[in-house]
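Structure first, commentary second.
The values are calculated or read from the model by the stated rules, or taken from the named source; none is laboratory data. Here the structure is a predicted model, which means the values were calculated and not measured. In this analysis, Cβ positions are derived from the backbone assuming ideal geometry, glycine residues included, and neighbour counts consider all displayed protein chains.
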Amino acid sequence: MLAYIVRRIVSTLPVVAIVAVVVFLLLHLSPGDPAAVIAGDGAGIEEVARIRSELGLDQPLYEQFIRWVVRVVQGDLGASIFSKIPVTELIAQRIEPTLSLTVFTLFLSVSLGVAFGLVAAATAGSLLDHALIFVAIAGFSAPIFVIGYILVLVFAIDLDWLPVQGYVALADGFVPFLRHLVLPSVTLSLAYLALISRITRASVLEAVAQDYVRTAYAKGMGEARVFTGHVLRNAAVPITTIVGIGVALLISGVVVTESVFNIPGIGRLVVDAISRRDYPVIQGVTLVFAGVCVLINLLVDLACGLFDPRIRL
């Protein structure tokens, strides 16, 4: 197991390096100039050139990349071009809303998704099973922003049960904190929940049809023991895998959801930075998101290795 852990950790390093290169090149080769944004519409060419020189954007691309990598290795993600605030400080200021939204969404998605998948597998072929499949397909197909606006219209405007937008810190009260998280978390979790429920249903049905399950029943094992000891353990590998893959969906969905519900999290920080071509902020946040994805998938690989020892070979 130790050798497997070391191999998986080493294999993640090239992924992070490739992400860093791609993000840097995409930003610097795409249209737009932060110096022109800072200078304003009425600025002349000389003023824009001066600002570019101050920001180091007039240097060769490889020199800019080397300087950025050296700072990143030292734990310095740079500072915002506009506010001059370090990127790490900006992320720290916005981390609570994003982390709260992500954790609550994960809890809803995994708990309800696995539960719905188990119910669908237990009632395979029934009307309830078909209804759950239909809901799962609809939830996965609908765009996040459409779901968000529908939920706002129904539960915030028509019924007036929940606030339309905004965020309340946990320190300011648990009930207000929870009320402001319900709509964005449900919006963000629907697609993820649908994906987990479909995979859970398919994995459980596949495990139930295996010979070792029939053998367990033939030996006189009870329903609960067979289900927990054989079916769920073997179905856990694809379920755990899809949970890790879904983290990427959550990260992309956080940006849209925070914009729809006006949540001052990292997603909104990215949107504002993109609109102003704030290179250090975009690069820093993207690199952090990529690191989180790599870490989550590493943990998923390790968990799968625990569930199924054959994976470690």
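Among the residues of the stretch 151-169, write down those that are more than 15 Å from T257 (Cα to Cα) and of a type in the set (G, A, S).
A156, A169 - these are the residues of the stretch 151-169 that are more than 15 Å from T257 (Cα to Cα) and of a type in the set (G, A, S).
Looking at the stretch 218-248 only, could you name the residues that are more than 35 Å from the chain's Cα centre (by Cα), at pLDDT 75 or above and part of a helix (DSSP H, G or I)?
Listed by number, the list holds a single entry, A218.
Any residue in the stretch 256-267 that is assigned to a loop (DSSP other than H, G, I, E, B) sitting within a Cβ distance under 9 Å of a residue that is surrounded by fewer than 22 Cβ atoms within 10 Å (Cβ to Cβ) and acidic (D, E)? List the pairs, counting only those 6 or more apart or interchain.
Sorted first by the residue in the stretch 256-267, then by its partner, the pairs are G265/E96.
Go through the residues of the stretch 219-229 one by one and say whether even a single one is assigned by TED's automatic domain parsing to the domain that holds L101, touching a helix residue (DSSP H, G or I) at 6+ places or on another chain (Cβ under 6 Å) and of a type in the set (D, E).
Taking every residue of the stretch 219-229 in turn, none turns out to be assigned by TED's automatic domain parsing to the domain that holds L101, touching a helix residue (DSSP H, G or I) at 6+ places or on another chain (Cβ under 6 Å) and of a type in the set (D, E).
Of a type in the set (F, W, Y), part of a helix (DSSP H, G or I) and touching a residue at least 24 places away in the same chain (Cβ under 8 Å) - does that describe any residue in the stretch 135-143?
Scanning the stretch 135-143 turns up at least one residue that is of a type in the set (F, W, Y), part of a helix (DSSP H, G or I) and touching a residue at least 24 places away in the same chain (Cβ under 8 Å).
Has the stretch 152-161 got any residue that is at pLDDT 80 or above, touching a helix residue (DSSP H, G or I) at 6+ places or on another chain (Cβ under 8 Å) and aliphatic (A, V, I, L, M)?
yes
Listed here are the residues, each with its yes/no results for (1) on the phi > 0 side of the Ramachandran plot; (2) of a type outside the set (S, T, N, Q); (3) without any contact (Cβ under 8 Å) to a residue 24 or more places away in the chain; (4) not assigned by TED's automatic domain parsing to the domain that holds I239.
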| residue | (1), (2), (3), (4) |
| --- | --- |
| V154 | no, yes, yes, no |
| I157 | no, yes, yes, no |
| D172 | no, yes, yes, no |
| A191 | no, yes, no, no |
| S203 | no, no, no, no |
| E206 | no, yes, no, no |
| T215 | no, no, yes, no |
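Regarding the stretch 151-171, can at least one residue be identified that is under 15 Å from L193 (Cβ atoms) and over 17 Å from the mean Cα position of the chain (by Cα)?
yes
Restrict the check to the stretch 266-276 and report whether at least one residue is crowded, with 18+ Cβ neighbours inside 10 Å, over 30 Å from A35 (Cβ atoms) and of a type outside the set (D, E, K, R).
No, there is no match, as no residue in the stretch 266-276 is crowded, with 18+ Cβ neighbours inside 10 Å, over 30 Å from A35 (Cβ atoms) and of a type outside the set (D, E, K, R).
Is it true that some residue in the stretch 81-93 is part of a strand (DSSP E or B), over 16 Å from V23 (Cβ atoms) and either modelled with pLDDT of 85 or more or assigned by TED's automatic domain parsing to the domain that holds I266 (or both)?
Yes, the stretch 81-93 has at least one match.
Which one of these is modelled with pLDDT of 80 or more and in a helix (DSSP H, G or I): V10, V48, V22?
V22
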